[in-house]
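Please read the structure below before turning to the comments.
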Amino acid sequence: MRTARRVFVLIAGLLLALQPSAVSHAQDYPARTVTIIVPYTPGGGVDAMARIIAQKMSESLHQSFVVDNRAGGGGTIGYRMVARAAPDGYMLFLGHTGTISINPSLYADLGMDPRKDFAPVGLIASMPVALLANPSFPAKTVADVIALARKEPGSFNIGTSAVGTGGYMCAELFMSEAGVKATLIPYKGTAPVMNDLLSGQVPIAFGVLPPALGNIQAGKLRAIAVTSKKRFSLLPDVPTFDESGMPGFEAVLHYGLLAPAGTTPDVVNKLSAELQKLANDPQVQERIHLEGGDPLTSTPAEYAHDIDVEETKWGALVRKLNLKAE
């Protein structure tokens, strides 16, 4: 009996000793440098969002947050690196619609599942895609584009970024929902799309706004509509697709911060609280606007729901089109 009681007391003591360390982990975090993995090369929208977060998190949490670009495989190399990392909060992932919602179906053989691979921390920003036109293109509205495409199916080309990217998927979604046919011309990057759009090699294109804003303001390009539910803050005169005769049409790129699955809720919640504070920081808001986006915030649960909704939506379209990554 005495032996059993001693064992019980010993176990109870060990449990009590462990409890403060768990609490201490949240209080002390971060105790060393935190790395945010960007699965693309420097200079793009994902990289820009990560650097905004890294700078502000470093200031608010008094510890270094650094960005590490691990490009390759359409974003899958960085994805897998973080998914397999220790769930201690010291390696995070800057996700966006391409890597989180499109790639799991596009790279089906890799067995990626963002619902199981990550612990969502929170959303950071949204970025609409726009239907852009060379000024010589006769259609002025979405309705005009649809009417022209129906009158002469396949009569014009639509430029996009590479197959499977946000711009390409937006174009496919547009054709599917509008019931029209056109020839998609996927480019390797956004820059060559803009170059051919400016020169008139392609009359219209679906693309993100940052590389197009200067040319739109100079009158060298025309924005027909944006794919967000609300008008884009920097282009208040450009209507949405929803306003332009396609009710409910939305195709917005979402950016968010994620940790490896299994990361403790206390660490996730601490990061999430800091992320939500950033959404109200005027400097952060301005920098996100300059990158062509609008601030967007959420709780971890809300981001988890967003991932589920977006992956279901884009995954269904990838499968419908039978798209496969090369």
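Of I36, I77, the residue with the largest accessible area leads and the full order is I77, I36 (1.4 Å probe). Going Cα to Cα from K229, which lysines come in below 26 Å? Please leave out same-chain ones fewer than 8 positions away. Counting by Cα, and skipping residues close in sequence, K229 has these lysines nearby: K140, K181, K220, K277, K313, K320. Computed from Cα atoms, the angle from the helix 45-61 axis to the main principal axis of the chain rounds to 30 degrees.
Determine which lysines satisfy two conditions relative to K188: a Cα distance under 20 Å, and not lying fewer than 8 residues away in the same chain. Leaving aside lysines fewer than 8 places away in the same chain, those within reach of K188 are K324. Counting Lys and Arg as +1 and Asp and Glu as -1 over every other residue whose Cβ lies under 12 Å from the Cβ of A223, the net charge comes to +3.
So for the stretch 215-280, considering every pair of alpha-carbon atoms, how many percent are separated by more than 13 Å?
On the way: 1567 of 2145 pairs.
Considering the stretch 215-280, 73 percent of its Cα-Cα pairs are separated by more than 13 Å.
Taking R0 as 22 Å, what FRET efficiency do you get between K181 and N215 from their Cβ-Cβ distance, rounded to the nearest 0.05? With R0 = 22 Å, the Cβ-Cβ based efficiency is 0.20. To the nearest 500 deg cm²/dmol, what mean residue ellipticity at 222 nm is calculated for the chain from DSSP H runs of n ≥ 4 alone, each contributing -39,500 (n - 2.57), summed and divided by the residues? Value at 222 nm, helices only: -13500 deg cm²/dmol.
Considering only D88, D294, D109, the mean-square fluctuation computed in a Gaussian network model of the chain, springs between alpha carbons under 10 angstrom, is largest for D109. In the chain, a dipole from Cβ-located charges (positive for Lys and Arg, negative for Asp and Glu) runs towards its positive end, and of A162, H305, Y29 it is Y29 whose Cα lies farthest in that direction.
Between the helical axis of 190-199 and the longest alpha-carbon principal axis of the chain there is an angle of about 10 degrees.
Grab the other residues whose beta carbon is less than 15 angstrom from that of H62, score K and R as +1, D and E as -1, and report the net. Around H62, the charge tally is +1.
Between the helical axis of 142-151 and the dominant principal axis of the chain, each derived from Cα atoms, what acute angle in degrees is found, rounded to the nearest 10? Taking the Cα atoms of the chain, the angle to 142-151 is about 60 degrees.
The values are calculated or read from the model by the stated rules, or taken from the named source; none is laboratory data. This one's a predicted model, so the numbers in the text were calculated from it and none came from an experiment. All Cβ positions, glycine included, derive from the backbone under ideal geometry; neighbour counts span all protein chains shown. These accessible areas exclude ligands, DNA and RNA; they are computed on the full protein's heavy atoms, side chains included. Shrake-Rupley method; radii C 1.70, N 1.55, O 1.52, S 1.80 Å.
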